[in-house]
Ligand code: NAD
Ligand code: IPM
Ligand code: MN
């Protein structure tokens with residue numbers, strides 16, 4: 001039976017980066033005669049315009065029926081006035097939570113050709129290969145109660161709840177330890193255990209699990225220090241594991257170490273390893289519709305999908321090697337441009353990767 005991939009372009013630069021990624025995906029499907037069907041769906045602002053809801057029932061059903069999901073990005077200023085529950089971002093959060101995609105892998109890998117594009121000195125980032133494992137379906141993003149209420153004196157109060165159950169910490173910890181075991185065997189857990197009880201528990205649970213992975217060296221770091229260490233000496237890290245919000249913030253910082261947020265792919269996995277794949281960046285309204293966006297994070301997300309969900313590790317490696325050769329040729333979108341390179345657009349970057357795959 002053929003494998004089914006649900007494609008959700010989303011908003012802003014979403015359709016543009018997806019166009020380029022789709023061209024690459026379709027090319028490898030044809031080249032290797034893979035039995036994979038791409039099915040289109042609506043999520044986020046695009047879904048609001050078509051159906052009135054950020055996560056239509058049809059999209060959720062298609063997501064559940066698919067072997068994997070490829071997402072562009074959602075959101076934009078035209079929907080920012082909507083109540084929280086109706087915003088494009090709720091569509092994304094809804095799909096993550098309904099499908100229990102708790103394990104978010106965000107690999108920050110510096111391609112040697114991009115050492116100049118990083119905002120840090122080449123010697124600080126060269127050879128960088130770190131993996132952020134972010135818990136994606138719990139924490140302060142989903143904790144109850146939440147909202148804005150009016151106090152007796154008429155003042156408004158906004159509130160969210162930062163909560164993690166032991167079982168939620170355990171499953172993300174096992175995922176992170178397992179991944180560290182396959183890499184350089186160093187796991188740094190990031191928390192705020194000097195202030196927040198929920199992360200005191202987080203730290204305890206990590207320590208309880210550690211003896212099951214005797215070959216992995218576990219360390220703990222407070223999130224403020226981790227942000228500082230990421231820009232000071234990022235190569236000290238192998239795998240970092242953290243909660244939903246800290247992981248969101250630290251992965252954008254880590255992205256910049258690789259030259260641009262336009263380079264960072266991600267996988268969001270459930271307990272069976274089924275997943276959604278998306279670039280870590282957003283819909284970039286400031287550059288949407290101008291053929292300026294870097295599609296490589298999305299193209300590399302296709303590679304991650306082939307590796308983790310579709311059983312095609314060889315094809316994944318082929319895409320990654322093609323991306324590397326394109327960078328080697330000095331082809332760059334604006335965000336990773338440096339002197340002496342050739343600046344190209346989103347469409348052309350997709351074509352350049354396709355050309356390499358055809359060689
Ligand atoms: P953003 O990631 O969209 O953009 C931040 C900056 O990075 C912008 O200057 C943008 O031009 C640049 N950038 C992002 N992706 C790029 C790419 N592929 N190539 C070149 N430059 C790129 O973050 P934001 O501006 O804070 O958010 C914009 C919208 O996107 C908001 O509505 C937000 O909620 C949404 N968002 C969605 C996702 C997602 O769908 N996963 C992630 C983050 C933000
Ligand atoms: C991301 C985004 C999302 C998040 C938003 C758009 C809900 O920033 O995927 O990193 O915060 O998880
Ligand atoms: Mn984010």
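Here, each number is a calculation from the coordinates, and none is a lab measurement. Nothing here was measured: the structure is a model prediction, and the numbers come from that model. Cβ coordinates were reconstructed from backbone atoms using ideal geometry, including for glycine residues, and neighbour counts include every protein chain displayed.
Based on the mean of other Cβ atoms within 10 Å per residue, sort peptides 114-121, 156-163 so the most packed one is first.
With the highest mean Cβ count within 10 Å placed first, the list reads 114-121, 156-163.
Pairs of alpha-carbon atoms within less than 8 angstrom and 6+ residues apart define the contacts here; what relative contact order does region 235-308 have, in percent?
Across region 235-308, relative contact order equals 30 percent.
Among 229-236, 344-351, 11-18, 147-154, how do they line up by average Cβ neighbours within 10 Å per residue, starting with the highest?
11-18, 344-351, 229-236, 147-154
Above 21 angstrom, tally the Cα pairs of region 241-359 and express them as a % of all pairs, no decimals.
Distances greater than 21 Å cover 41 percent of the Cα pairs.
Within 10 Å of each residue's Cβ, count the other Cβ atoms and sort 299, 287 from fewest upward.
287, 299
Which percent of Cα pairs goes in each bin when the distances of region 303-356 are cut into 10 angstrom slices starting at zero?
Computed distribution, short to long bins: 26, 43, 26, 6.
So in the chain, what percent of DSSP beta bridges are antiparallel if you round to the nearest 5?
40
Please state, to two decimals, what the Cα-based radius of gyration of region 236-292 comes to when divided by 2.2 N^0.38 Å (N = residues).
1.31
How big, on average over all directions, is the shadow cast by the Cα convex hull of region 182-278, in nm²?
In nm², the orientation-averaged hull projection of region 182-278 is 7.0.
Against the globular-protein guess of 2.2 N^0.38 Å, express the Cα radius of gyration of region 95-201 as a ratio, rounded to two decimals.
In units of the globular-protein estimate, region 95-201 measures up at 1.44.
Output the direction-averaged projected area (hull surface divided by four) of the convex hull of the alpha-carbon atoms of the chain, in nm².
19.1
Tell me the relative contact order for region 186-249 as a rounded percent, counting alpha carbon contacts under 8 Å between residues six or more apart. If you can, show how the numbers build up before the last one.
Numbers: 70 pairs, mean separation 33.2, N = 64.
Over region 186-249, the number comes to 52 percent.
Counting pairs of alpha carbon atoms under 8 Å apart in space and at least six apart in sequence, what relative contact order in percent does the chain give?
On the way: 769 pairs, mean separation 78.2, N = 359.
Once normalised by length, the contact order is 22 percent.
Can you give the calculated 222 nm mean residue ellipticity of the chain, where each DSSP H run of n ≥ 4 adds -39,500 (n - 2.57) and the sum is split over every residue, rounded to the nearest 500 deg cm²/dmol?
-12500 deg cm²/dmol, from helical runs alone.
Over every pair of different alpha-carbon atoms in region 38-154, take the mean of 1/r and invert it; report that Kirkwood radius in Å. The partial results should precede the final answer.
Working: mean 1/r = 0.0580 Å⁻¹.
Its Kirkwood hydrodynamic radius stands at 17.2 Å.
Rank the residues 280, 354, 341 as a footprinting-exposure proxy: fewest other Cβ atoms within 10 Å of their Cβ go first.
341, 354, 280
For a test of the definition: using alpha carbon positions, the gyration tensor, and the 1.5 limit on a/c, classify region 187-229 as rounded, prolate or oblate.
Details: a/c = 4.43, a/b = 1.38, b/c = 3.21.
Oblate is the answer for region 187-229, as a/c is 1.5 or above yet b/c matches or exceeds a/b.
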